[in-house]
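Taken together, the values in this text are just the output of simple stated rules run on the coordinates, not laboratory data. Not measured: the values here are computed from a predicted model. Cβ sites come from the backbone with ideal geometry, for glycine too, and all protein chains shown count toward neighbours.
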Amino acid sequence: MRTALLQSSGLPGSTVENLKVLDEAAGRAAAAGAGLLVAPEMFLTGYAIGGDIGRLAEPADGEAADAIAETATRHGLAIAYGYPERAAGQVFNSAQLISADGTRLANYRKTHLFGCFEREHYTPGGQAVVQAELNGLRVGLMICYDVEFPENVRAHALAGTDLLLVPTAQMHPFQFVAESVVPVRAFENQMYIAYVNRIGREGEFDFVGLSTLAGPDGVARTRAGRGDELLLADVDPAFLAASREANPYLEDRRPGLYRSLV
């Protein structure tokens, strides 16, 4: 499945403009043969929007989700994007996957909140593994800081995730996560990982870009720089199966030696 990574911060504070950016990117991605477009963490509204988070937060089936479903249907590709989700009087840092026919396939709430800013504005999610079937692949969702916890990604591997989507807002000075940690996570868990970042300054944060799609061999299939980019790379189920046979980490585990972790 050809996968498109939208590295952009859009226009923080404007859902309307960000929907336009997403629509334009979806058109370009579909024209290049992509079956999936992945946007960054909080792409719908912007990340560093402080007091506007409550005002801009929407339910998972809100107007923005309907607009993105229409975009996905019109361009014929699935879309994953980050947004602030309002539910049961709380706000979550969430990511949603919508299929090419407009069906809401999966909605994930960030389980590991990063820093004082996120803990002040969001409630942590309580479900580590959220998956959906897409074009013959088992696709999982997590957000940014979540991927830095090896237990989190291993839980996805044990649940059979083939492609892990990680909308992110990775900031300076932690660029080594995109450069080194993500490819290692892909290798040690034998999966593809699409890590899609924001760029530039927002408030106190300086986002570093460097979005990547890493394969189960630990090799980046594509790597962005620091600016706006639409990247394309292929997720190959045959290569994934061969890599898992050659690197049987999950079969060779000895859970009895580290029972407290499992």
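Taking θ as phi - 60° and the Karplus parameters 6.51, -1.76 and 1.60, the scalar couplings of the range 27-35 work out to x, 5, 5, 5, 5, 8, x, 6, x Hz in sequence order, x denoting glycine and proline. Distance between the C-alpha centres of the range 191-230 and the range 46-63: 23 Å, rounded to the whole angstrom.
For the range 168-229, the relative contact order is 34 percent, taking Cα pairs closer than 8 Å that sit 6 or more residues apart in sequence and dividing their mean separation by the residue count.
Computed over the range 56-136, the P(r) tail beyond 20 angstrom holds 34 percent of alpha carbon pairs. Once the C-beta distance of Ala242 and Glu120 is scaled by a Förster radius of 41 Å, the resulting FRET efficiency is 0.35 to the nearest 0.05. Charged neighbours of Arg221, selected by a Cβ distance under 15 Å, balance to -3 (K, R count +1; D, E count -1). Taking 0.36 nm per residue of separation and subtracting the Cα-Cα distance, full extension of the segment from Val184 to Val219 would add 11.7 nm.
Across the options Gly10, Ile143, Gly203, the greatest Cα extent toward the positive end of the charge dipole of the range 2-261 (unit charges at beta carbon of Lys, Arg, Asp, Glu) belongs to Ile143. At full extension, Ser260 and Val16 could sit 83.1 nm farther apart than now, given 0.36 nm per residue minus the alpha carbon distance. Using a 10 angstrom cutoff on alpha carbons, build the Gaussian network for the chain and name the most mobile of Ala246, Ala78, Ala67. Largest GNM mean-square fluctuation: Ala246. Only Cα pairs under 8 Å and 6+ residues apart enter the sum, and on that basis the relative contact order of the range 2-261 stands at 18 percent.
Distances between placed amide hydrogens fall under 5 Å for Gln190 paired with no residue 5 or more residues away or on another chain. Diagonalising the gyration tensor over the Cα atoms of the range 198-238 and scaling each eigenvalue by 5 before taking the square root yields semi-axes of 26, 10, 7 Å, largest first.
For Asp61 and Arg201, the FRET efficiency from 1/(1 + (r/R0)^6), where r spans their Cβ atoms and R0 equals 30 Å, is about 0.35. In this structure, the amide hydrogen of Ile143, modeled 1.01 Å from its nitrogen in the peptide plane, lies closer than 5 angstrom to those of Thr111, counting only residues at least 5 positions away or on a different chain. Length gained on full extension, Phe176 to Asp234: 18.5 nm, using 0.36 nm per residue less the C-alpha separation.
Cα convex hull, the chain: 116 Å³ per residue, rounded to a whole number.
Fewest neighbouring Cβ atoms within 10 Å first, the residues Val38, Val21, Val147 line up as Val21, Val147, Val38.
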